[in-house]
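The values are calculated or read from the model by the stated rules, or taken from the named source; none is laboratory data. On a predicted model such as this, the values are computed, not experimentally measured, just so you know. Here the Cβ positions follow ideal geometry from the backbone for every residue, glycine too, while neighbour counts run over all protein chains shown. In case anyone asks, the SASA skips ligands and DNA or RNA and just uses the protein heavy atoms, side chains included. Shrake-Rupley method; radii C 1.70, N 1.55, O 1.52, S 1.80 Å.
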Amino acid sequence: MQRAERLLDMIQSLRRRRRPVTAETLAAELDVSVRTVYRDIATLVRQGVPVRGEAGIGYVLDAGFDLPPLMLSPDEIEAVLVGMRWLGERADPVLARAAEDVVSKVAAVLPAHLRPILLDGALFAPAYGRDVPVDQVDVAAVRAAIRQGRKLEVRYRDETGQDTQRMIWPIGMTFYERVRIVIAWCELRQAFRHFRTDRITDLVARDERYPARRADLFRRWQKEDEERCRQESERRDETQRLVTAPSISATRPAATSASARG
């Protein structure tokens, strides 16, 4: 059991009792040592939980103390708000609507004094520009295929306008400011490829699962992508070195003679 879970369980155990409970009883209930109970009680007191008592006598939780319905700090609430607003501006319609639902559900279980942070929050994530590419297919179907590990048959138009028919194994999706990229194994190229969702002109979700675990494929892609980035970085460094290296003539010392020196 994680320590945070144990602390919550200890609070719950104290809440169930009206009379002081000994450290030995708490230790047996939580399956920990008595010394651990003493340390956890001290931690709760430092965090402001009104636990009274002492070793050898027992501990009791003051009346009126309660946990908030959702244990989120103001910073965590704002993180949820910004993330959901970012998705609302940039995700496909289904995911954008889900982001709105998340905000509503979180707000419903927040304590009243924290709810305004979420509902009236002053943190925004607007999408600038009107030239955001528009998807021609249902991107929700792509996300479903990723979750289920199923193949997708797509028609893809590259940056030159050339159309190709592909069978891909989608393993992930990256959200950028203007576009979304599907990470997939391409049966046509026999390699990992990236596909912009706005360039997928047709899509058929297949019932067939691809013959590998998505997590394993994703690790393979990560390893290859890291190697590719490393090689590109080395090429850039080499190019920069060649550009900035002084020429031979510039480094050669000027010729001198006795007559020139006078």
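Is one or more of the residues making up segment 12-29 within 35 Å of the chain's Cα centre (by Cα) and hydroxyl-bearing (Ser, Thr, Tyr)?
Looking for residues that are within 35 Å of the chain's Cα centre (by Cα) and hydroxyl-bearing (Ser, Thr, Tyr), one finds at least one in segment 12-29, hence yes.
Among the candidates Arg157, Arg147, Arg90, Arg143, single out the residue that is at negative phi, in contact (Cβ under 8 Å) with a residue 24 or more places away in the chain and open to solvent by 80 Å² or more (accessible area, probe 1.4 Å).
Arg157
Identify all residues within segment 128-140 that are more than 26 Å from Pro211 (Cα to Cα) and open to solvent by 80 Å² or more (accessible area, probe 1.4 Å); write none if there are none.
Selection gives Tyr128, Arg130, Asp131, Val134, Gln136.
Condition first: assigned to a strand (DSSP E or B) and not aliphatic (A, V, I, L, M). Can you find one or more residues in segment 197-205 that meet it?
yes
What is the residue count in segment 33-57 for residues that are assigned to a loop (DSSP other than H, G, I, E, B) and buried (at least 17 other Cβ atoms within 10 Å of the Cβ)?
1
Criterion first (modelled with pLDDT under 90 and touching a Lys or Arg at 6+ places or on another chain (Cβ under 9 Å)) does Gly58 satisfy it?
Spelling it out, it is not the case that Gly58 is modelled with pLDDT under 90 and touching a Lys or Arg at 6+ places or on another chain (Cβ under 9 Å).
Sort out which residues of segment 77-110 are assigned to a loop (DSSP other than H, G, I, E, B) and modelled with pLDDT under 90, and write them in order of number.
Leu110
Please work out if Trp221 is part of a helix (DSSP H, G or I), surrounded by 10 or more Cβ atoms within 10 Å (Cβ to Cβ) and aromatic (Phe, Trp, Tyr).
So Trp221 passes the test.
Looking only at segment 175-192, which residues are of a type outside the set (Lys, Arg) and touching a residue at least 12 places away in the same chain (Cβ under 8 Å)?
Phe175, Glu177, Val179, Ile181, Val182, Ile183, Ala184, Trp185, Cys186, Glu187, Leu188, Phe192
Val60 is checked against (1) surrounded by fewer than 18 Cβ atoms within 10 Å (Cβ to Cβ); (2) among the hydrophobic types (A, V, I, L, M, F, W, C); (3) assigned to a helix (DSSP H, G or I) and fails just one. What number does that condition carry?
It is condition (3) that Val60 fails.
Suppose we filter Ala107, Ala122, Ala98 for residues that are free of Cβ contacts under 8 Å to residues at least 24 places away in the same chain, hydrophobic (A, V, I, L, M, F, W, C) and open to solvent by 60 Å² or more (accessible area, probe 1.4 Å); which single one remains?
Only one candidate passes the filter, namely Ala122.
Any residue in segment 26-50 that is under 11 Å from Arg6 (Cα atoms) sitting within a Cβ distance under 7 Å of a residue that is open to solvent by 40 Å² or more (accessible area, probe 1.4 Å) and modelled with pLDDT under 90? List the pairs, counting only those 6 or more apart or interchain.
What qualifies is Leu30/Asp9.
Within segment 128-148, track down each residue that is out of contact with any Lys or Arg (no Cβ under 6 Å at 6 or more places or on another chain) and either under 24 Å from Leu81 (Cα atoms) or among the small types (Gly, Ala, Ser) (or both).
The answer is Tyr128, Gly129, Arg130, Val139, Ala140, Ala141, Arg143, Ala144, Ala145.
Where residues in segment 160-186 are within 12 Å of Val204 (Cα to Cα) and not basic (Lys, Arg), which of them is surrounded by the fewest Cβ atoms within 10 Å (Cβ to Cβ)?
Only one residue fits best here, namely Gln165.
If Glu76 satisfies every condition in (1) among the acidic types (Asp, Glu); (2) within 30 Å of Arg180 (Cα to Cα); (3) surrounded by 17 or more Cβ atoms within 10 Å (Cβ to Cβ) but one, which is the exception?
All conditions are met except number (3).
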